[in-house]
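Inspection log for the structure reproduced underneath, given as structure tokens.
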Amino acid sequence: MKLKQKEDDLKLVSNLSEAQKKRYEAYKSVRLDGDFVKDVIANSLKHKSTSSSRVPLGKSKAEFQNISLVIRDVAQMYVGDIVEKSREVMKDFGHTGPIRPIHMREAYRRLQNHSQNLNIRESGKLFGGR
């Protein structure tokens, strides 16, 4: 099963553009703990925990599992974007070595400016629509 998955991944990566490959590598390099994400969700919704009788999202624990997986994956992509943009900032600044807080702050600022230029925050709609 894992061998088939690796073969599929190799096929996928071989058909990606350079920019897509960089993005994919950034995504794959980030690992977020599922339990940590569940705790963050539960705490942000001001519930005791996901193991209590009250389920913060969805009608069942299985639905909460699915929601937490989606949130974890979106967070993982976001962290990948920050890391990728931080490396870009390092090149722009002429720095080498590990990513430093100054690179991450500038990467965050650039991503925020980019999203504002797309009018995502103002319209509340990512893909236009009605």
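The values are calculated or read from the model by the stated rules, or taken from the named source; none is laboratory data. Bear in mind that the values here come from a model prediction, so they are computed numbers and not experimental data. Glycine also receives a Cβ, built like all others from the backbone with ideal geometry; neighbour counts cover every protein chain displayed. The accessibility values were calculated without ligands, DNA or RNA, using every heavy atom of the protein model including side chains. Shrake-Rupley method; radii C 1.70, N 1.55, O 1.52, S 1.80 Å.
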When you scan region 10-36, how many residues do you find that are over 19 Å from the mean Cα position of the chain (by Cα), farther than 17 Å from residue 77 by Cβ and not hydroxyl-bearing (Ser, Thr, Tyr)? 4
Just give me the residues in region 79-106 being of a type in the set (Val, Ile, Thr) and at pLDDT below 90, in sequence order. 79, 83
Counting only residues in region 79-120 that are in contact with a Leu (Cβ under 9 Å, 6 or more places away or on another chain) and surrounded by 15 or more Cβ atoms within 10 Å (Cβ to Cβ), the one nearest to residue 20 (Cα to Cα) is identified as 81
Take the residues in region 1-18 that are among the charged types (D, E, K, R) and open to solvent by 100 Å² or more (accessible area, probe 1.4 Å); name whichever of them is modelled with the highest pLDDT. 18
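Can residue 130 be described as more than 17 Å from the chain's Cα centre (by Cα), open to solvent by 90 Å² or more (accessible area, probe 1.4 Å), of a type in the set (Lys, Arg) and modelled with pLDDT under 95? Steps first, answer last, please.
On the way: more than 17 Å from the chain's Cα centre (by Cα): yes; open to solvent by 90 Å² or more (accessible area, probe 1.4 Å): yes; of a type in the set (Lys, Arg): yes; modelled with pLDDT under 95: yes.
Judged against the criteria, residue 130 is a match.
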